[in-house]
Amino acid sequence: MPAQIIKVSQLNRYVKAQLEENTLLGDLLVKGELTSVSWRSSSGHFYFTVSEGGASLHCVMFARYAERLLAFPEEGSTVIVRGAVTLYERDGQYQLSAYDIQSMGQGSGSIDYAVLRQKLLAEGLLSTERKRKAPRFPRAVGIITSAEGAAVQDIITGMQRHNDLIPLILYPATVQGSAAVEQILYALRCAIAENRCDILIIARGGGASETLAVFNDERLLRAVAVCPVPVISAVGHDVDITLLDEVADIRAATPTAACQYCCISKVELLAGLNIVRSELQQAITRRVTMAQQHTASIQRVLCARSPMVLWSKNRQRLAYLTQLLQGNMQHALWRMAQRTSHLRGQLELLDPALPVERGYTITYTVREADKIPIHTCGELHPGDTMLTRLKDGEIISTVTAVNVRKE
């Protein structure tokens, strides 16, 4: 008889019915360490995991049972949970539906975590002062995670959006189970030896606290602390905390979020390049403008000192000075002519012949061929010869008597 083909939902429903009908699984007491506690405020339900050794069991306590508790046990405590085994049909995952939970004290895993953290804190490995910043332009980004997991795909997709110019190099390693620590350490050593990456991302998806215990291993934490390049811890989700998050240089809430820390974004890079290009263009424009202004200034100086310009200016000045000299000479000649005319007029007024021309006479005494003008009667004596000049000639006479007028 061929096997009957059934739907997934039918199989899950059948398995759930078988579990709930089993009286041995209907009321159990389960002991283990309480981890991964999550409370949904909208419904009031508690979701948590009980772990023991390498095994874990997912549990749910609905609000009607949680309300009966005085206080829900702290994460890391050893607890005894009472409940029934059932199956969550949607995910096909079996779980313990808890009716009651009682604390028995701290679990060993929680104690080990606290002791190791205190030890690393005392050594300064958790100090923020020793943490390094991610490079803005790494040569490549190394990824240490499972090659088949969703984390590597999330990082690849995230980097394509963030900056697809930066190469990604995968160093595959198992990120859960007993072999995980050794494989992650080997991948870390390979990345350091190759020296191709300027930053490393150690990543995995979310999970229960017991599955993330790999990233609390002391050997891994010390190897990350001495890594020569910055390390980003991208383990689990935002609520998942491991010691690797505190030792690593940068903590990312998710593998996708790690992309924004490992390098500058392509958008920011292009914006920066545009700013630099604009500033460079402005600087070039300023330099060209200054050079043009300097050239124009030199040209003006050269033109001002050009022999042709100087010759033209001197020629103009010579013409001006020549014209000024000619004007000054003409003015001087005119003034000399005016003065000469004035002096001539004055001389003409003093000319002895001028009164004669107006009808007067001038009398001279003649002595030894000299003609001496007579001004007073006392200059003549009887018998002296006189020369009287008239307008139309001269009269020569002899003095017979001199009569001096009495005052």
Condition met for Leu188 (more than 28 Å from Phe137 (Cβ to Cβ), open to solvent by less than 10 Å² (accessible area, probe 1.4 Å), of a type outside the set (D, E, K, R) and assigned to a helix (DSSP H, G or I)): no
Residue satisfying condition, being of a type in the set (Gly, Ala, Ser), over 30 Å from Ala71 (Cβ atoms) and in a helix (DSSP H, G or I), within set Ala193, Ala134, Ala114: Ala193
Residue count for segment 175-205, restricted to those that are of a type in the set (Asp, Glu) and in contact with an Asp or Glu (Cβ under 7 Å, 6 or more places away or on another chain): 0
Gly124 vs. criteria open to solvent by 20 Å² or more (accessible area, probe 1.4 Å) and at positive phi: yes
Failed item in (1) touching a Pro at 6+ places or on another chain (Cβ under 9 Å); (2) open to solvent by 70 Å² or more (accessible area, probe 1.4 Å); (3) modelled with pLDDT of 90 or more; (4) not in a loop (DSSP other than H, G, I, E, B), with Tyr94 passing the rest: (1)
Unmet criterion (only one of (1) in contact with a Ser or Thr (Cβ under 7 Å, 6 or more places away or on another chain); (2) free of Cβ contacts under 8 Å to residues at least 40 places away in the same chain) for Asp154: (2)
Residues that are among the hydrophobic types (A, V, I, L, M, F, W, C), surrounded by 14 or more Cβ atoms within 10 Å (Cβ to Cβ) and not in a strand (DSSP E or B), drawn from segment 68-91: Phe72
Only listed residue being aromatic (Phe, Trp, Tyr), in a helix (DSSP H, G or I) and either open to solvent by 80 Å² or more (accessible area, probe 1.4 Å) or within 30 Å of Thr242 (Cβ to Cβ) (or both), chosen from Tyr47, Tyr65, Tyr14: Tyr14
Residue check for Leu354: of a type in the set (A, V, I, L, M, F, W, C), part of a helix (DSSP H, G or I) and at pLDDT below 90: yes
Residue among Ser265, Ser278 that alone is within 30 Å of His162 (Cβ to Cβ), within 23 Å of the chain's Cα centre (by Cα), free of Cβ contacts under 8 Å to residues at least 40 places away in the same chain and open to solvent by less than 100 Å² (accessible area, probe 1.4 Å): Ser278
Members of segment 376-390 found to be within 14 Å of Pro355 (Cβ to Cβ) and not charged (D, E, K, R), listed by number: Thr388, Leu390
Among (1) modelled with pLDDT under 85; (2) part of a strand (DSSP E or B); (3) more than 59 Å from the chain's Cα centre (by Cα) - the single one Gly105 does not satisfy: (3)
Condition met for Gly327 (open to solvent by less than 80 Å² (accessible area, probe 1.4 Å), assigned to a helix (DSSP H, G or I), at pLDDT below 90 and under 30 Å from Asp154 (Cα atoms)): no
Within segment 226-250, tally of residues that are in a helix (DSSP H, G or I) and under 23 Å from Ser178 (Cβ atoms): 4
Candidates Thr211, Thr242, filtered to the one that is touching a residue at least 40 places away in the same chain (Cβ under 8 Å) and of a type in the set (S, T, N, Q): Thr211
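The values are calculated or read from the model by the stated rules, or taken from the named source; none is laboratory data. All values derive from a computational prediction rather than experimental measurement. Cβ sites come from the backbone with ideal geometry, for glycine too, and all protein chains shown count toward neighbours. Only protein heavy atoms, including side chains, enter the accessible area calculation; ligands, DNA and RNA are left aside. Shrake-Rupley method; radii C 1.70, N 1.55, O 1.52, S 1.80 Å.
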